[in-house]
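Q: What follows is a single structure, and I will ask about it in a moment.
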Amino acid sequence: MQDVVEVRREPRSVEEIRGDFPILSRQVHGKPLVYLDSAASSQKPLAVIEAMNAYYRSSHANVHRGVYEISEEATEALERARTKVARFINARQSKQVIFTRNTTESINLVAYSWGWANVKAGDLIVLTTMEHHSNLVPWQLLAQRSGARLEFVPLTPEGLLQLDVYARLLEQGPKLVAFTQMSNVLGTINPVKEMIAQAHAAGAVALVDAAQSAPHLPLDVQELDADFVCFSGHKMLGPTGIGVLYGKRELLEAMPPFLGGGDMIRSVSLRSSTWNDLPWKFEAGTPAIAEAVGLGAAVDYLSALGMDWVRQHERSITAYALERLQTVPQLQIYGPLTEELRGGVVSFSLADIHPHDLASILDQEFGVAIRAGHHCAQPLMEHLGLVATARASFYVYTLPEEIDVLVQGLRRALEIFQV
Amino acid sequence: MSMDYREYILDHYRDPRNYGRLENPTVHVEDSNPLCGDQVSMDLLVEGDHVTAVRFQGRGCAISQAATSMLTEMVQGKSVQEVVRLGKDDILEALGIPISPARMKCAFLGLRVLHKSLVLAGLERPEHADEHDDEL
Ligand SMILES: Cc1ncc(COP(=O)(O)O)c(C=O)c1O
């Protein structure tokens with residue numbers, strides 16, 4: 001199995017990077033597309049699109065079963081993608097990378113498999129109030145079934161976690177803590193390394209929702225010492241339909257399977273079966289092979305840019321956005337106001353204009369795509385006293401000029417609504 | 001498809017018609033759009049075979065609130081027979097701008113509340129009301 005050795009090149013210009021993304025040259029409503037919704041899903045570079053295309057054109061067959069040439073090629077393509085992802089997050093072994101459909105499925109896998117085996121009535125699970133529904137609802141289901149309790153780390157007015165409350169909750173000896181590394185609403189980056197160390201000291205297992213961080217920050221699962229890390233391919237330049245669960249080997253090995261079926265078994269008799277090794281124990285059925293190949297190409301692309309460059313670029317775009325947005329009258333930004341404390345996600349409201357109206361005006365008159373709604377974080381919205389916000393989010397291809405178009409659109413909305 | 005916020009829509013949004021509550025309504029119904037949090041509540045007073053008074057309250061985007069305001073103008077003083085027949089086309093015609101698919105739910109929130117009210121008041125069969133309630 002050959003792997004392309006990563007060569008650190010000179011950082012490329014954002015203009016040049018944009019040339020790799022075919023969709024960025026299209027127009028909407030007669031205007032150039034200004035895509036500011038990468039936190040929901042990123043766009044895809046040609047390298048990803050073509051890797052999937054090439055796989056289907058030349059190597060597709062089912063994996064792990066054929067003894068013929070192209071089945072072996074497909075198997076190798078799948079496993080090579082796994083190795084790339086493992087290196088990208090600095091996992092010790094490839095087998096610690098389990099392919100799922102997305103972050104949501106990864107978290108559910110842990111909640112069902114690890115949760116059922118380890119969580120009992122009266123046990124405590126600690127979450128935070130800034131979680132995405134996908135890092136909340138699976139634990140609610142587990143708590144309902146097992147009789148476990150859920151407690152939540154609240155936020156400061158600035159949108160940071162109240163770590164003193166976290167420390168106090170840890171004193172109660174929770175079984176599990178689960179938190180996001182970066183909020184998809186406030187952009188807040190949480191000090192997960194310290195939080196994990198504290199959780200371990202209290203005897204808890206720690207799960208990190210890295211849906212927003214894996215695409216945007218250097219991620220080293222060994223340095224974090226995380227027990228489980230979950231993320232989605234589609235937010236990090238890869239295709240939809242592929243996600244990752246990283247887990248510590250001892251934990252994954254001790255866990256019962258999640259879904260049963262083909263590929264996840266070693267041997268099957270009519271009344272019982274034995275399980276396959278990691279990672280396949282958790283990958284029942286035919287996997288998303290082309291999508292894994294696409295994700296492999298995406299992490300190659302990100303590695304070539306360098307995740308430090310990605311973070312640096314987004315920091316400067318975010319700083320620029322925070323500065324420019326604050327020049328718009330009656331605009332309220334939620335979350336920390338310094339770019340060190342946040343990723344490239346900015347939620348805001350403008351006067352009393354409903355975010356949906358804002359999003360429609362930005363779309364139709366300016367070709368700007370932003371998110372409007374509760375961002376799958378209703379408890380957080382409730383905490384903010386809102387039903388919805390507008391949200392702009394950035395990625396490797398975002399230009400300062402695009403922030404200018406956004407700001408121009410927001411001023412136009414004020415004019416239309418005459419506020 | 002391009003939606004533009006025409007002056008008359010913004011006018012209904014800022015200055016909604018038939019806004020408020022009725023003292024003794026025949027029926028009161030509230031509903032909301034879980035995705036964006038738009039809310040509408042409606043009071044109807046039915047006397048004989050006419051809707052003699054209607055009031056609504058709500059909060060949300062300009063499209064949902066303006067569409068509901070316009071709808072109340074179509075309801076006020078009309079016969080029950082006419083009101084029962086009000087449908088999506090009437091809303092779209094009143095708005096007079098193309099509504100993008102993502103915003104249809106906003107546009108039809110008031111209509112859904114109206115038909116729920118009519119069912120609750122025993123003036124419309126639930127199966128008929130369902131036709132206005134499908135998720136696009
Ligand atoms: C913080 C966070 N967690 C989880 C998810 C869920 O990701 P997916 O829908 O890909 O499962 C998202 C996506 O919006 C997210 O932002």
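The values are calculated or read from the model by the stated rules, or taken from the named source; none is laboratory data. Because the structure is a prediction, the values reported are computed rather than measured. Note that each Cβ is placed from the backbone with ideal geometry, even for glycine, and that neighbours are counted across all protein chains shown. These area figures cover heavy atoms from the full protein model, side chains too; ligands, DNA and RNA do not enter into them. Shrake-Rupley method; radii C 1.70, N 1.55, O 1.52, S 1.80 Å.
Q: Report, by residue number, each residue of the stretch A:36-84 that is within 24 Å of residue A:398 (Cα to Cα) and either open to solvent by less than 20 Å² (accessible area, probe 1.4 Å) or more than 16 Å from the ligand (Cβ to nearest atom) (or both).
A: A:36, A:37, A:38, A:39, A:42, A:45, A:46, A:47, A:48, A:49, A:50, A:51
Q: OK, next. Which condition from (1) touching a residue at least 60 places away in the same chain (Cβ under 8 Å); (2) surrounded by fewer than 18 Cβ atoms within 10 Å (Cβ to Cβ); (3) in contact with a helix residue (DSSP H, G or I) (Cβ under 8 Å, 6 or more places away or on another chain) is the one that residue A:304 breaks?
A: Going through (1) touching a residue at least 60 places away in the same chain (Cβ under 8 Å); (2) surrounded by fewer than 18 Cβ atoms within 10 Å (Cβ to Cβ); (3) in contact with a helix residue (DSSP H, G or I) (Cβ under 8 Å, 6 or more places away or on another chain) one by one, residue A:304 breaks only (3).
Q: Please find, among A:314, A:323, A:250, the residue that is open to solvent by 10 Å² or more (accessible area, probe 1.4 Å), out of contact with any Asp or Glu (no Cβ under 8 Å at 6 or more places or on another chain) and not assigned by TED's automatic domain parsing to the domain that holds residue A:212.
A: Going through A:314, A:323, A:250 in turn, the sole match is A:323.
Q: While we're on this one: For the stretch B:106-122, what are the residues that are hydrophobic (A, V, I, L, M, F, W, C) and open to solvent by 40 Å² or more (accessible area, probe 1.4 Å)?
A: Across the stretch B:106-122, the qualifying residues are B:119, B:120.
Q: Test residue A:271 against the stated conditions and say whether it is open to solvent by 20 Å² or more (accessible area, probe 1.4 Å) and in a strand (DSSP E or B).
A: Taking the combined requirement at face value, the residue does not satisfy it.
Q: Take the stretch A:387-418 and flag every residue that is open to solvent by 40 Å² or more (accessible area, probe 1.4 Å) and out of contact with any helix residue (DSSP H, G or I) (no Cβ under 9 Å at 6 or more places or on another chain).
A: Across the stretch A:387-418, the qualifying residues are A:401, A:411, A:415.
Okay, residues lined up against (1) open to solvent by 40 Å² or more (accessible area, probe 1.4 Å); (2) within 14 Å of another protein chain (Cβ to nearest Cβ); (3) within 16 Å of the ligand (Cβ to nearest atom):
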position: A:123; (1), (2), (3): no, no, no
position: A:131; (1), (2), (3): no, no, yes
position: A:151; (1), (2), (3): yes, no, no
position: A:162; (1), (2), (3): yes, no, no
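Q: Go through the residues of the stretch A:210-227 one by one and say whether even a single one is at pLDDT 95 or above, of a type in the set (Val, Ile, Thr) and within 16 Å of the ligand (Cβ to nearest atom).
A: no
Q: Here's a follow-up. Could you look through the stretch A:376-419, keep only residues that are touching a residue at least 12 places away in the same chain (Cβ under 8 Å), assigned to a loop (DSSP other than H, G, I, E, B) and among the small types (Gly, Ala, Ser), and pick out the one that is farthest from the other protein chains (Cβ to nearest Cβ)?
A: Only one residue tops the list, namely A:377.
Q: Looking at the stretch A:230-256 only, could you name the residues that are more than 11 Å from the ligand (Cβ to nearest atom) and at positive phi?
A: A:237
One line per residue, one yes/no per condition, for (1) in a strand (DSSP E or B); (2) more than 20 Å from the chain's Cα centre (by Cα):
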| residue | (1), (2) |
| --- | --- |
| A:318 | no, no |
| A:340 | no, no |
| A:347 | yes, no |
| A:364 | no, yes |
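Q: Answer yes or no as to whether residue A:342 is touching a His at 6+ places or on another chain (Cβ under 9 Å) and away from every other protein chain (no Cβ under 14 Å).
A: The answer is no for residue A:342.
Q: Return the residue satisfying two criteria in turn: it lies in the stretch A:347-375 and is at pLDDT below 90 and open to solvent by 10 Å² or more (accessible area, probe 1.4 Å), and of such residues it is farthest from the other protein chains (Cβ to nearest Cβ).
A: A:375
Q: Restricting the search to the stretch B:6-29, which residues are at the interface with chain A (Cβ under 9 Å from one of its Cβ atoms), in contact (Cβ under 8 Å) with a residue 12 or more places away in the chain and out of contact with any Ser or Thr (no Cβ under 8 Å at 6 or more places or on another chain)?
A: Within the stretch B:6-29, B:10 is the sole residue that qualifies.
Q: Further question on the same structure: Taking residue A:140 as the residue in question, decide whether it is more than 16 Å from the ligand (Cβ to nearest atom) and open to solvent by 50 Å² or more (accessible area, probe 1.4 Å).
A: Against the criterion (more than 16 Å from the ligand (Cβ to nearest atom) and open to solvent by 50 Å² or more (accessible area, probe 1.4 Å)), residue A:140 does not qualify.
Q: Continuing with this model, one more query. Can you name every residue in the stretch B:30-63 that is over 11 Å from residue B:16 (Cβ atoms), within 14 Å of chain A (Cβ to nearest Cβ) and either open to solvent by less than 10 Å² (accessible area, probe 1.4 Å) or outside any strand (DSSP E or B) (or both)?
A: Matches in the stretch B:30-63: B:33, B:34, B:35, B:36, B:37, B:38, B:60, B:61, B:63.
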